[in-house]
Amino acid sequence: MTGHLARHGDPGVRVEHYDLELDYKPLTGRLAGRARLWVEADGPVALDLGRFTLGKVLVDGKPVRYAHGDGKLRLRRRSGGRCVVEVRYAGAPQPVRTPHWGDLGWEPLADGALVAGQPIGAPSWFPCNDLVRDKATYRISVTTATPYAVVANGVLVDRRTGSSTTTWVYEQAEPMAAYLASVQIGQYERLPLAPGQDVLAPARLRAAAAHDFGRQPRMLAVFEELFGPYPFREYHVVVTDDELEVPVEAQGLSVFGSNHVDGRRGFERLVAHELAHQWFGNSVGLADWRDIWLNEGFACYAEWLWSEHSGGPPAAVHAARARARLARLPQDLLVGDPGEAGLFDDRVYQRGALTLHALRDRLGDQAFFTVLRDWTRVHRHGTATTADFTSLAQWHSVAPLGPFFDAWLLRGRLPDTG
């Protein structure tokens, strides 16, 4: 990928662990942070960080000269190797502005805040190596006014309440890309769904959320049968009091707007889509954004599979409808390399899902779902490419699959048949 994506991240930098200590004041929108990063670098360290006022910048506990501007924090360090970088910063988080995807990152709500980081919004709230294939473990501590609940990635390991503030501490032990790191702050009530699963929603939406997400534990069980074991320890859903254009994906949690809760399960396909991302996109991450169909095509197909397993139309019916829609649209987008402008084009989602259904028709159910389970097992908590997937599928097929994948992923025209 080129353009905005190419300006983020440094392939010569690898972050092993992030320790983030944040203090957020909802009334003023001010964020103060202390970030410590355990880094291994081939040379000088360059990190992604938005417009904040910087305090101390330390390497291995000692002050270091630095330059901060144009979204980069460059440390004046002559050699590479392993080190611990500490950055203290403060200010009102500014979104990462993009021509194709709007404003990304930390976003104030009417009463709280959310993070929508995909694909390059992480530097809006912490210094990071914003490279999709650079996964790290995290500890995220957030202090805010006591009436507010905080949800972040991983497991809540500590909560301390003072006179007017509460500190919430989460640990994400499974490696995570920076764009999937998330903090959600709001006056939410917790609704348990099953062990390790809950929904946090405003009091006024509690009953509707309980109904709309009520089948999620069954959904997770179905997906475990189809895709393999759930890859994280917990799964949280946050419903904001604000409306959102689309749900927000993060590792171990998903965020829905109030407009996605109607008390009639009218958006249950989105519940399935975001849950499926925990396998496809979060555990099995991307090595390169050009392969985003491995995230979105798979999550879209999971919508069809949930329909099939919950009494709705089978996947074949959804596939036929998707083919009819795609046939009416311009056939000039390559699903296997859609470019920045096409990264979140609905055709990537729909044709990606249709590719998987066509592969299912070719291999048969037994081999196809074995491929999916092998995929999530072999690349669990790692990264992968389209070439990795096509190679795995080929291992389960007697007939050559090269022309099949070429037609579906690297040609604009919709194939006539699977």
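The values are calculated or read from the model by the stated rules, or taken from the named source; none is laboratory data. None of these values were measured; they are calculated from a predicted model. Reconstructed Cβ throughout: ideal geometry from the backbone, glycine too, with neighbour counts over all protein chains shown.
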Does the stretch 201-216 contain any residue that is buried (at least 17 other Cβ atoms within 10 Å of the Cβ), touching a residue at least 12 places away in the same chain (Cβ under 8 Å) and in contact with a Lys or Arg (Cβ under 6 Å, 6 or more places away or on another chain)?
yes
In the stretch 327-357, which residues are hydrophobic (A, V, I, L, M, F, W, C) and within 26 Å of the chain's Cα centre (by Cα)?
333, 334, 335, 341, 343, 344, 348, 353, 354, 356
If you check 395, 408, which single one turns out to be exposed (fewer than 14 other Cβ atoms within 10 Å of the Cβ) and either touching a residue at least 40 places away in the same chain (Cβ under 8 Å) or out of contact with any strand residue (DSSP E or B) (no Cβ under 9 Å at 6 or more places or on another chain) (or both)?
395
Out of the stretch 314-340, which residues are touching a residue at least 12 places away in the same chain (Cβ under 8 Å) and either in contact with a strand residue (DSSP E or B) (Cβ under 7 Å, 6 or more places away or on another chain) or assigned to a helix (DSSP H, G or I) (or both)?
315, 316, 318, 319, 322, 323, 325, 326, 327
Failed condition for residue 320, given (1) touching a Phe, Trp or Tyr at 6+ places or on another chain (Cβ under 7 Å); (2) under 27 Å from residue 270 (Cβ atoms)
(1)
Would you mention how many residues in the stretch 341-363 are free of Cβ contacts under 8 Å to residues at least 24 places away in the same chain and surrounded by fewer than 19 Cβ atoms within 10 Å (Cβ to Cβ)?
3
Positions within the stretch 1-42 being among the hydroxyl-bearing types (Ser, Thr, Tyr), in a strand (DSSP E or B) and under 22 Å from the mean Cα position of the chain (by Cα), in sequence order:
18
Answer residue from the stretch 245-261, given it is in a loop (DSSP other than H, G, I, E, B) and without any contact (Cβ under 8 Å) to a residue 60 or more places away in the chain and is farthest from residue 156 (Cα to Cα) among those
245
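Give 206, 264 a once-over and let me know the one that is in contact with an Asp or Glu (Cβ under 8 Å, 6 or more places away or on another chain) and part of a loop (DSSP other than H, G, I, E, B).
Criteria check complete, one pass: 264.
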Answer yes or no as to whether residue 347 is touching a Gly at 6+ places or on another chain (Cβ under 6 Å), in the same structural domain as residue 324 (by TED's automatic domain parsing) and either at pLDDT 95 or above or within 21 Å of residue 322 (Cβ to Cβ) (or both).
no
Find the strands (runs of 3 or more DSSP E) located wholly in the stretch 121-171 whose residues include 3 or more that are β-branched (Val, Ile, Thr) and closer than 19 Å to residue 187 by Cα, and list them.
135-145
Go through the stretch 273-313 and give me each residue that's under 20 Å from residue 235 (Cβ atoms) and either at pLDDT below 95 or outside any helix (DSSP H, G or I) (or both).
277, 278, 279, 280, 281, 282, 283, 284, 285, 310
So, of the residues in the stretch 1-37 that are touching a His at 6+ places or on another chain (Cβ under 9 Å) and more than 24 Å from residue 337 (Cβ to Cβ), which turns out to be surrounded by the most Cβ atoms within 10 Å (Cβ to Cβ)?
37
Under 8 Å between Cβ atoms, at least 6 apart or on separate chains: pull out the pairs that start in the stretch 49-72 with a residue that is without any contact (Cβ under 8 Å) to a residue 12 or more places away in the chain and end on any residue that is basic (Lys, Arg) and not in a strand (DSSP E or B).
65/76; 67/76
